[in-house]
Amino acid sequence: MHFLEAEIVVHKDSPRGVHFRRAGPRRREYFESDEVHACIVTCGGLCPGLNTLIREIGGYRGFYAKNTVTLTPKVVNDIHKRGGTILGTSRGGHDTSKIVDSIQDRGINQVYIIGGDGTQRGAAVIFEEIRRRGLKVAVAGIPKTIDNDISVIDNSFGFDTAVEEAQRAINAAHVEAESFENGIGLVKLMGRHSGFIAMYATLASRDVDCCLIPESPFYLEGSGGLYEFIDKRVKENGHMVIVIAEGAGQDLLSESLQSRDQQDASGNKLLQDEHFAKKKMPINLKYIDPTYMIRAIPSIASDNVYCTLLADSAVHGAMAGYTGFTVGPVNGRHAYIPFNHITEKQNKVVITDRMWARLLSSTNQPSFLNPRDIAEAKKEEQPATGLLDGSRLPSISVGVFLGLKRRDSVKKLIAQHTKAPDIYTSIMLYAFNCGEHKK
């Protein structure tokens, strides 16, 4: 069999980075098709597209549980039209020794493991144990994260479906907020550590007034805070829609935000924030959490096609004798990726990137940066060029500025010119940051 480092990583120390072997069919196959005895395991939370993967390939507890499902072409014929997973799923239950014992006892020679970063770490441990025992078993992973937070691959399956379905929740929140005086529609979307679903759903909707994600810190009280912005927007429009990723503002949670034991005119429990109560500004808060509705729906066409490609890549790799890998698109090409590269770091929204700038332009929300943090940052990052002590830049073309590829060239340009309106300074520094991120 072809093991991890020797075959899957083509160029390990290339000046252009690590190169993975491209996925796809091979001239020679390690396994004869009539000798294959494969198993598929789905782990973690639900995600649109799971059944499509199961169909195309043909919780860890399933390895040593008795309720296994025999998959035949007839069984999987139309499961891609359903949400969830026909195999069932679970969290935890990882016992490496028991799992590999079960694989060995059942004569399994191909293992396909579908799950998130924790599942892929578990798959790596299973692979190492199988290799230690000298078993001829191919272990292939398929990364599953609806949050799109795996950094090495271009995007994860189910993400497009999640963004599409999130539109329904945002539309409902907008209708509710518009229909009531001082109505605020609050939509919570998935994104414990990464706010991609919230960001893309906001950009697609155009009905959102404020988007809050874990990567962009905000504060509540005071000038420039979230409460002030809500006050302003509700007074201007009479309503407001807020989209928040589940991991946003975790540092702000406190007992002061607990609901009161008051009732509205209909006898319903009154959910009113202390800030608005103090200002005697009654609000009609409509809270929508579509998390499980989104996770349980069938995948849309683009995710169905994507899942088909992922499954094909995994099967081609296993049949060729590759093992200890996961599959996914890297720079537009499907590749075989070692397990350790999948779990190296999380993919996060870069708030200095153009996409987040487009969102701020769409919602017209402030950055919510704390003035104290800004002041401290200025003190720590005081440059020798005098940029922050009153000196100014000339009106240099943003296109020319972006053309500078090296930071020292930018510093030299700033040092040479000192007379220009502040607006040019802001535009050019922002443009340079975007260019640096995209390099």
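The table that follows gives values for the structure above.
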read-out	value
Flag for Glu32 being at pLDDT below 80, among the charged types (D, E, K, R) and either surrounded by 14 or more Cβ atoms within 10 Å (Cβ to Cβ) or out of contact with any Phe, Trp or Tyr (no Cβ under 7 Å at 6 or more places or on another chain) (or both)	no
Failed condition for Asp117, given (1) within 30 Å of Lys286 (Cβ to Cβ); (2) of a type outside the set (Gly, Ala, Ser); (3) modelled with pLDDT under 95	(1)
Residue among Ser205, Ser179, Ser223 that alone is surrounded by fewer than 17 Cβ atoms within 10 Å (Cβ to Cβ) and within 20 Å of Ile288 (Cβ to Cβ)	Ser179
Flag for Ser194 being closer than 30 Å to Arg21 by Cβ and in a loop (DSSP other than H, G, I, E, B)	yes
Scope segment 1-29; condition at pLDDT below 65, of a type outside the set (D, E, K, R), surrounded by fewer than 17 Cβ atoms within 10 Å (Cβ to Cβ) and closer than 12 Å to Pro338 by Cα; matching residues	Phe3, Ala6, Val10
Residues within segment 308-365 that are part of a helix (DSSP H, G or I) and within 22 Å of Ile54 (Cβ to Cβ), tallied	14
Filtered residues of segment 35-46 (kept if hydrophobic (A, V, I, L, M, F, W, C) and either touching a strand residue (DSSP E or B) at 6+ places or on another chain (Cβ under 9 Å) or at pLDDT below 85 (or both))	Val36, Ala38, Cys39, Ile40, Val41, Cys43
Residue in segment 114-136 that is open to solvent by 10 Å² or more (accessible area, probe 1.4 Å), under 30 Å from Asp34 (Cα atoms) and hydroxyl-bearing (Ser, Thr, Tyr) present	yes
Flag if Asn171 is touching a Phe, Trp or Tyr at 6+ places or on another chain (Cβ under 6 Å) and closer than 30 Å to Cys211 by Cβ	no
Candidates Ile197, Ile244 - the one that is under 15 Å from the mean Cα position of the chain (by Cα), open to solvent by 30 Å² or more (accessible area, probe 1.4 Å), at pLDDT 95 or above and not aromatic (Phe, Trp, Tyr)	Ile244
Selection status of Ser266, open to solvent by less than 20 Å² (accessible area, probe 1.4 Å), modelled with pLDDT under 95 and either at negative phi or part of a loop (DSSP other than H, G, I, E, B) (or both)	no
Scope segment 340-359; condition closer than 24 Å to Val125 by Cα and modelled with pLDDT of 90 or more; matching residues	Asn347
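The values are calculated or read from the model by the stated rules, or taken from the named source; none is laboratory data. For clarity, every value in this text was computed on a predicted model and none was experimentally measured. Backbone-built Cβ (ideal geometry, glycine too); neighbour counts: all protein chains shown. To get the accessible areas, we keep the full protein, side chains included, count just its heavy atoms, and leave off ligands, DNA and RNA. Shrake-Rupley method; radii C 1.70, N 1.55, O 1.52, S 1.80 Å.
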